[in-house]
Structure formats: C-alpha cells, structure tokens
Amino acid sequence: MSSHSSREFSNPLVKWIEYRLPVFSFLDDSLGGNYPTPKNLNYWWNFGSLAGIVLGIMLVTGIVLAMHYTAHVDHAFDSVERIMRDVNYGWLMRYIHMNGASMFFIVVYIHMFRGLYYGSYQAPRELLWMIGVFILLAMMATAFMGYVLPWGQMSFWGATVITNLFSAIPWVGDAIVTLLWGGFSVDNPTLNRFFSLHYLMPFVIVGLVVVHIWALHVHKSNNPIGIDAKTDQDSIPFHPYYTVKDLYGLGLFMIFFMFFVFYAPNFFGEPDNYIEANPLVTPPHIVPEWYFLPFYAILRAFTADFFLYAYTPITWIMTAKLAGVIAMFASILVLLAMPWLDGSKVKSSKFRPLYAMFFWLFFIDCIVLGVVGGKPAEGVWIYIGQAATTYYFAHFLIIVPLVSRLERPKAPPESISAAVTAKAQG
C-alpha cells in the first residue's frame, strides 16, 4: 500500500514536495478547505488562534532579547537598559515582549471563560480542556520566571516572596526553596535558573499547544449551541470562511496590542521595577503582575482567623500559610475537574439560564479577586478577599454540581443548520 499522498496539485514544485512529504495535504485537512467546522461559530472562537499568534510573537521577540540579555545579578538590570537604549529597535522588542505577556493572558483568559460559558469542557472534549489547563499552568510558570529577569525591585522581591511559599510544605519545603534559589537567598544562581527555564518553557508550551490542536481536530470545535455537527449541512470549510474571520479579529486585536506598545508601554507594569534590585530595601507594597492577582488574593485570604481555616479540621493538619499555598494551586487545578463537576446534558449556557446567571457571578467574583490582590492586605480588603475566595471555590464545588443536576434547561435546536436557519429567519 502506498504511503504517499494521492492529492493532486497543479503547481509543479508543490506537487514534487507533496509526493515526498505530504505537508500540503496535511495543512489542507487540518486548516484548509477540507477541514469541516461548525457553521455557527462566533467571534469568541477567534481567541484560540489569537493565542497561537501571540505565542509566536513571544517566541520571536524572546529569542532576540536573549541575544542581548546578561543573566548575572551585576549586569542584568544594565543589560535591559542597554536593550532599551543602545540595541537597534531593542525598545520595540522589549515593549512587544513585555506587553505581549499581558496580551497572551488576556486572550487565554477570554478563551477559557468562553469554554466555561459554552461547555467546551464536556464530553468528548475532556482531554482537550485539561490540556488547556496545563497550558495555562505552563504560561504562569514562564511569566513568573520572566518577571524576575529585569532584576528590578519588584522582580527581586516578587521572586523572594513567591519562592518562599514553598517553605510552608512540611519536611521538604526548605529543600525545595534552596533548590529553587541555588543557595540560601535569591541571588545569581536563582537568576541563572530562572533565565534557563524561562527560555525552555515556551517550547514546552508549543508542545502542549500541538497536542491541544491534535485533540481539537479529533472531535472538532464546540459551537455556541453545544450540538455537534451531524451532517455536511452543519459544517463549512475552515478556509476561506474562518481564516477571513480570524484575520479580521487579528487586525482588531493588533490595534489593541500596538496601542499599549506605542502609547502606554508601562500600563501593565510596576514603577518599582525600574529601580535596580536591592536586597536591603523592601518595597512598601509587593504585588505580582496583574494576571496573577486573583490567585494572589486567594493565597492571602487564608489567615489564622479565616473561617474556612479556623473553624475546620484543616487547622489541626496545616498552617494557614500552607493552606493558602494549597488553595492558590487548587484554584487552577479545580478546572481539571469541570467535565465531571458539571453533570448537565446540555452544554451551552444559552439554554441554561440559571447556570448562565451563576457564570456571570463567578466572572464578577474573579474581577473582585483581581482588585483585592492588588490592594494591601489590611482593613476591609482582607474580608472582601476571604468572601470572594469562599465564593470562588463554592462555585466549582457546590454551585456547578447542584445547578447542573437540578436545573431544567431549555431544549436546544435539533441541529446547527436548524439554529442558523431560525436565526436568519428571526
């Protein structure tokens, strides 16, 4: 049996390559006219491709910046200044890379909230969703290590605070912290470790993205009504219909992205990070980047008098610090269980009004956590953070399971074509 492609192409060069390596037929089957896509996808489905494009931008700009960066505590801050002032278009590369991290998280967060709203985690796409959660974790690790590299005040103290959290782990915590630091304080070995891992992790993300796309192509995309395509009438080719739609979305996104690069490059940053790291001077308010703030708020919510800690058996087992660390990681890992926590037979929130209401309450709760994470841990902010943290976990562990099993959803359309036709007629 022949293993080469039988697809015919008119261009002689393409035909010659295709016979030896069927790359063009693979692209056509994966992203072209032969790849069937639900005909009712809206612009919320643009954010998956936008995330891939931003990842590519981050890889290219990161490689260029690494050519000029010096991973040494005596030279790191000055090397970043040199990139900004002396390297041709170094300022542009750095601003694109620096703001690109925020853009990456914006599109991925929107992508994941879209998945939560339309039930994209439900069968048979459980693995697709879970791989997406692992991509988010890898992004967070990469972003944290990248934030340390400029070796400013917030970089140094952020690394000190976050790595010290692992010391709360019984028996092995101190050893883990020493391993991360490469010594007994955040110093040159720490910076070298973080630079090496920051360079490596994006390629791990690329590998996860490839598997994510592979899983996507097995059962195809979900859609706004949550019904899989049953006939050819329910689908249209990805190209040219959705490639044009994605290009339009990309154009709008790049206007948004480049606005920050050229007009507000430090909007997402902290002024203290333009001060060289000084272990003897602690900033008055240490905060992580904005995309970590909700999880930072969850970490800080666990105090000795927090009722979820103080009035439960947890207090007999672990310290409040360790409970906060576990809660911070659990707030992300709980997403892995969503395919089983949500027992509804209907995927899309368009037909689940009660679930949709709680989804928007959860969205507001995440915004509140983000605001709290950026405020000092004092006064009323402590109690707001504890209330928002309680609701965050209640949403996943109590509200979603109960609502999905008790709610009586509306009947979805019989097919994608029926829904599209009804919308056009309406």
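How many residues are under 15 Å from the mean Cα position of the chain (by Cα) and small (Gly, Ala, Ser) when one looks only at segment 57-86? Spell out how you get there, then give the answer.
The first filter runs over segment 57-86 and keeps only residues under 15 Å from the mean Cα position of the chain (by Cα), leaving 58.
Those still in the list that are small (Gly, Ala, Ser) too: none.
Final tally of qualifying residues: 0.
Is one or more of the residues making up segment 86-93 within 24 Å of PHE257 (Cβ to Cβ), in contact with a Lys or Arg (Cβ under 8 Å, 6 or more places away or on another chain) and of a type in the set (Phe, Trp, Tyr)? I'd like the intermediate steps shown before the answer.
In the first step, residues of segment 86-93 are kept if they are within 24 Å of PHE257 (Cβ to Cβ); the result is 87-93.
Filter once more, so that each one left must be in contact with a Lys or Arg (Cβ under 8 Å, 6 or more places away or on another chain): 90-91.
Pick out the ones that are also of a type in the set (Phe, Trp, Tyr) and you get 91.
Checked against the condition, which is being within 24 Å of PHE257 (Cβ to Cβ), in contact with a Lys or Arg (Cβ under 8 Å, 6 or more places away or on another chain) and of a type in the set (Phe, Trp, Tyr), segment 86-93 yields at least one hit.
Name the residue that is surrounded by the fewest Cβ atoms within 10 Å (Cβ to Cβ), counting only residues in segment 70-96 that are among the polar types (S, T, N, Q) and under 19 Å from ILE275 (Cβ atoms).
Of segment 70-96, the ones among the polar types (S, T, N, Q) are 70, 79, 88.
Narrowing the set further to residues that are under 19 Å from ILE275 (Cβ atoms) leaves 70, 79.
Values: THR70: 16, SER79: 19.
It comes out as THR70.
Being assigned to a loop (DSSP other than H, G, I, E, B) and either touching a strand residue (DSSP E or B) at 6+ places or on another chain (Cβ under 7 Å) or buried (at least 16 other Cβ atoms within 10 Å of the Cβ) (or both) is the filter here, so list the residues in segment 35-69 that pass it. Steps first, answer last, please.
Let us first name the residues in segment 35-69 that are assigned to a loop (DSSP other than H, G, I, E, B), namely 35, 39-42, 67-69.
Once the filter is applied, which keeps residues that are assigned to a loop (DSSP other than H, G, I, E, B) and either touching a strand residue (DSSP E or B) at 6+ places or on another chain (Cβ under 7 Å) or buried (at least 16 other Cβ atoms within 10 Å of the Cβ) (or both), segment 35-69 yields TYR35, LYS39, ASN40, LEU41, TYR69.
Determine whether PHE104 is within 11 Å of the chain's Cα centre (by Cα) and more than 14 Å from TYR199 (Cα to Cα). Steps first, please.
Numbers: within 11 Å of the chain's Cα centre (by Cα): yes; more than 14 Å from TYR199 (Cα to Cα): yes.
So PHE104 fits the description; yes.
Hey, any hits in segment 395-411 for a residue that's under 16 Å from PHE295 (Cβ atoms), in a helix (DSSP H, G or I), touching a helix residue (DSSP H, G or I) at 6+ places or on another chain (Cβ under 7 Å) and assigned by TED's automatic domain parsing to the domain that holds ALA301? Let's see the steps before the verdict.
First, pick out the residues of segment 395-411 that are under 16 Å from PHE295 (Cβ atoms): 395-396.
Keeping just the survivors that are in a helix (DSSP H, G or I) gives 395-396.
Still in the running and touching a helix residue (DSSP H, G or I) at 6+ places or on another chain (Cβ under 7 Å): 395-396.
Subset that is assigned by TED's automatic domain parsing to the domain that holds ALA301: 395-396.
Yes, there is a match, as at least one residue in segment 395-411 is under 16 Å from PHE295 (Cβ atoms), in a helix (DSSP H, G or I), touching a helix residue (DSSP H, G or I) at 6+ places or on another chain (Cβ under 7 Å) and assigned by TED's automatic domain parsing to the domain that holds ALA301.
Looking at segment 162-185, is at least one residue crowded, with 22+ Cβ neighbours inside 10 Å, among the polar types (S, T, N, Q) and either out of contact with any Lys or Arg (no Cβ under 7 Å at 6 or more places or on another chain) or closer than 27 Å to VAL210 by Cα (or both)? First the steps, then the outcome.
Filtering segment 162-185 for residues crowded, with 22+ Cβ neighbours inside 10 Å gives none.
Scanning segment 162-185, I find no residue that is crowded, with 22+ Cβ neighbours inside 10 Å, among the polar types (S, T, N, Q) and either out of contact with any Lys or Arg (no Cβ under 7 Å at 6 or more places or on another chain) or closer than 27 Å to VAL210 by Cα (or both), so the answer is no.
Just to confirm my filter: which helices (runs of 4 or more DSSP H) fall fully inside segment 283-322 and include at least 3 residues that are crowded, with 18+ Cβ neighbours inside 10 Å?
Ranges flagged: 293-301.
Evaluate the following for MET130: is it of a type in the set (A, V, I, L, M, F, W, C), within 16 Å of LEU197 (Cβ to Cβ) and part of a helix (DSSP H, G or I)? Spell out how you get there, then give the answer.
On the way: of a type in the set (A, V, I, L, M, F, W, C): yes; within 16 Å of LEU197 (Cβ to Cβ): no; part of a helix (DSSP H, G or I): yes.
Considered against the rule, which asks whether it is of a type in the set (A, V, I, L, M, F, W, C), within 16 Å of LEU197 (Cβ to Cβ) and part of a helix (DSSP H, G or I), MET130 comes out as no.
Considering each of GLU276, GLU270 in turn, give the residue that is touching a helix residue (DSSP H, G or I) at 6+ places or on another chain (Cβ under 7 Å), within 23 Å of ALA101 (Cα to Cα), assigned by TED's automatic domain parsing to the domain that holds PRO124 and buried (at least 20 other Cβ atoms within 10 Å of the Cβ). Before you say what the answer is, go through the steps one by one.
Values: GLU276 fails: buried (at least 20 other Cβ atoms within 10 Å of the Cβ).
Checking each option against the conditions leaves just GLU270.
Quick one: which residue in ILE57, ILE63, ILE17, ILE83 is in contact with a His (Cβ under 9 Å, 6 or more places away or on another chain) and free of Cβ contacts under 8 Å to residues at least 40 places away in the same chain? Quick ask: steps written out before the conclusion?
Details: ILE57 fails: free of Cβ contacts under 8 Å to residues at least 40 places away in the same chain; ILE63 fails: in contact with a His (Cβ under 9 Å, 6 or more places away or on another chain); ILE17 fails: in contact with a His (Cβ under 9 Å, 6 or more places away or on another chain).
That would be ILE83, the only listed residue that is in contact with a His (Cβ under 9 Å, 6 or more places away or on another chain) and free of Cβ contacts under 8 Å to residues at least 40 places away in the same chain.
Please go through segment 338-396 and pick out each residue that is without any contact (Cβ under 8 Å) to a residue 12 or more places away in the chain and small (Gly, Ala, Ser).
Once the filter is applied, which keeps residues that are without any contact (Cβ under 8 Å) to a residue 12 or more places away in the chain and small (Gly, Ala, Ser), segment 338-396 yields GLY379, ALA387, ALA394.
Write out, first by first residue and then by second, each pair whose Cβ atoms fall under 9 Å of each other, whose residues are 6+ apart or on separate chains, and whose first residue, in segment 296-322, is of a type in the set (Lys, Arg) while the second is outside any helix (DSSP H, G or I) and at pLDDT 95 or above.
From segment 296-322, the pairs are LYS321/PHE302.
Give segment 15-29 a look and list any residue that's part of a helix (DSSP H, G or I), out of contact with any helix residue (DSSP H, G or I) (no Cβ under 6 Å at 6 or more places or on another chain) and surrounded by 12 or more Cβ atoms within 10 Å (Cβ to Cβ), or say none. Lay out the reasoning, then the answer.
Let us first name the residues in segment 15-29 that are part of a helix (DSSP H, G or I), namely 15-20, 23-29.
Remaining after also requiring out of contact with any helix residue (DSSP H, G or I) (no Cβ under 6 Å at 6 or more places or on another chain): 15-17, 19-20, 23, 25-29.
Hits for segment 15-29 are LYS15, ILE17, TYR19, VAL23, SER25, PHE26, LEU27, ASP28, ASP29.
The values are calculated or read from the model by the stated rules, or taken from the named source; none is laboratory data. Since the structure is predicted, the reported quantities are computational estimates derived from the model, not experimental observations. When we count neighbours, we look across all protein chains shown, and the Cβ atoms used for this are built from the backbone with ideal geometry, even at glycine.
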